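*Asks:* Sharing a structure, written as structure tokens. Questions coming.
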Amino acid sequence: MEMKRAGEIMLPLEAFPFVPYWFTLRQALAELGSIETSRDSARKMLWIILVFNAQSQFLGIVQRQDILRGLRPSTGDKIRGIYPPFASEPADPLLSRLSFSPESAVQELRNQIERQIIEFMTPIQISVNFSDPALLAVHLMIDRDLTFVPVVRDGTVVGILNVEDALNEVIASII
């Protein structure tokens with residue numbers, strides 16, 4: 001069985017929400033919520049936002065973990081110091097030991113969500129060609145610790161290949 005090429009298993013750019021780099025995280029999340037992907041209904045929607053510049057050049061990707069890191073409250077480091085990974089006693093739901101208040105946390109989130117999306121973005125590091133084998137994409141993603149890589153055809157980004165799809169193709173072709 002011959003291994004498929006990156007272009008055969010990529011998701012087209014149209015499957016993802018995209019925003020200009022000057023959008024706020026709030027605007028980008030609104031865009032994310034309004035897009036329905038063309039993926040199988042059995043698969044979860046990918047939390048990916050593509051970021052472009054004013055000349056429609058692809059700059060980077062914002063993924064779920066980027067959003068979560070950006071929304072982490074300033075008390076996040078203190079919380080890790082107080083709560084071990086496997087707490088032996090019940091967690092303090094109000095985080096009273098940190099002088100935590102729900103009102104201040106909500107206000108902090110309101111401030112953070114107004115930051116520009118480019119602050120949350122992972123810039124494009126590498127890309128693969130449309131005709132490259134899935135195995136090359138897997139090796140590049142492993143080497144660079146990436147979960148997605150842009151697919152280029154004739155000098156233009158035409159889609160996104162995620163590590164899960166590429167790895168599934170490699171596994172299917174060797175077993």
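The values are calculated or read from the model by the stated rules, or taken from the named source; none is laboratory data. Just so it is clear, the model here is predicted, and its values are computed rather than measured. Neighbour counts run over all protein chains shown; Cβ positions are idealised from the backbone, glycine included.
*Asks:* Could you tell me which numbered condition Ser56 fails, if it satisfies all but one of (1) closer than 25 Å to Ser104 by Cα; (2) of a type in the set (S, T, N, Q); (3) at pLDDT 75 or above?
*Replies:* (1)
*Asks:* While we're here: For region 164-171, check the following and say yes or no: at least one residue is touching a residue at least 40 places away in the same chain (Cβ under 8 Å), closer than 15 Å to Val51 by Cα and surrounded by fewer than 21 Cβ atoms within 10 Å (Cβ to Cβ). Before you say what the answer is, go through the steps one by one.
*Replies:* Here is the first cut: in region 164-171, the residues touching a residue at least 40 places away in the same chain (Cβ under 8 Å) are 165-166, 169-170.
Retained after the next criterion (residues that are closer than 15 Å to Val51 by Cα): none.
No, every residue in region 164-171 fails to be touching a residue at least 40 places away in the same chain (Cβ under 8 Å), closer than 15 Å to Val51 by Cα and surrounded by fewer than 21 Cβ atoms within 10 Å (Cβ to Cβ).
*Asks:* Would you pick out the residues in region 95-111 that are touching a Pro at 6+ places or on another chain (Cβ under 9 Å), closer than 21 Å to Leu29 by Cβ and modelled with pLDDT under 75?
*Replies:* Ala105
*Asks:* Checking Glu114 against (1) of a type in the set (D, E, K, R); (2) in a loop (DSSP other than H, G, I, E, B); (3) within 30 Å of Leu135 (Cβ to Cβ); (4) modelled with pLDDT of 75 or more, which single condition isn't satisfied?
*Replies:* (3)
*Asks:* Something else now. Any idea which residue in region 59-88 is surrounded by the fewest Cβ atoms within 10 Å (Cβ to Cβ), counting only those that are touching a Phe, Trp or Tyr at 6+ places or on another chain (Cβ under 7 Å) and at pLDDT 60 or above?
*Replies:* My answer is Arg64.
*Asks:* If you don't mind, another one. Can you report the number of residues in region 16-34 which are among the hydrophobic types (A, V, I, L, M, F, W, C), without any contact (Cβ under 8 Å) to a residue 40 or more places away in the chain and surrounded by 14 or more Cβ atoms within 10 Å (Cβ to Cβ)?
*Replies:* Result for region 16-34: 2.
*Asks:* Right, next: Determine the pairs where a residue that is over 28 Å from Met3 (Cα atoms), located within region 113-142, has a partner that is of a type in the set (Gly, Ala, Ser) and part of a helix (DSSP H, G or I) with Cβ atoms under 6 Å apart, the partner being 6 or more residues away or on another chain.
*Replies:* From residues that are over 28 Å from Met3 (Cα atoms), the pairs are Ile117/Ala28; Phe120/Gly70.
*Asks:* With respect to Asp132, is the statement that it is surrounded by fewer than 17 Cβ atoms within 10 Å (Cβ to Cβ) and either closer than 16 Å to Ala15 by Cβ or among the acidic types (Asp, Glu) (or both) true?
*Replies:* Answer is no for this residue.
*Asks:* Just checking, does region 9-20 include any residue being at pLDDT 90 or above, in a strand (DSSP E or B) and within 21 Å of Val138 (Cα to Cα)?
*Replies:* Yes.
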